[in-house]
Each structure stands twice: as C-alpha cells, then as structure tokens.
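Worksheet for the structure shown next.
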C-alpha cells in the first residue's frame with residue numbers, strides 16, 4: 001500500500017477481522033490511511049470514504 005500511495009497517490013482503507021492495537025499499527029506502517037474491523041459499520045465505512053475523498 002505504501003508503494004501504491006507513493007507511485008500513484010492512492011489511499012488505502014484496511015478492512016480486516018483483526019483489530020488489536022498491533023494490527024492497527026501494522027496497517028498504518030504498511031501505508032493504509034484507515035483501519036476498519038469487520039463486521040464493519042456501514043455508516044463508519046461511508047464516513048471514512050467521504051473523509052478520504054475530501055482529503056485528496
């Protein structure tokens with residue numbers, strides 16, 4: 001994800017079943033802007049997508 005972000009200005013949202021602090025830290029280190037844990041709240045997903053879209 002970090003390489004994609006650097007080379008193509010892409011923003012990543014991690015959607016995973018893992019939600020411990022270590023998991024969130026690792027996804028951030030990998031270049032994801034957000035980390036959502038399944039089952040994802042659709043309102044939260046929508047808010048994150050809107051936030052990412054507006055920050056570009």
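Summary of values
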| read-out | value |
| --- | --- |
| Search result, residues across segment 8-28 that are in a helix (DSSP H, G or I) and modelled with pLDDT of 95 or more | 21, 22, 23, 24, 25, 26, 27, 28 |
| Segment 29-45, subset in a helix (DSSP H, G or I) and surrounded by 11 or more Cβ atoms within 10 Å (Cβ to Cβ), residue farthest from the chain's Cα centre (by Cα) | 44 |
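The values are calculated or read from the model by the stated rules, or taken from the named source; none is laboratory data. Keep in mind that what you see is a predicted model, and the values were worked out from it rather than measured. Cβ atoms come from the backbone with ideal geometry, glycine included; neighbour counts cover every protein chain shown.
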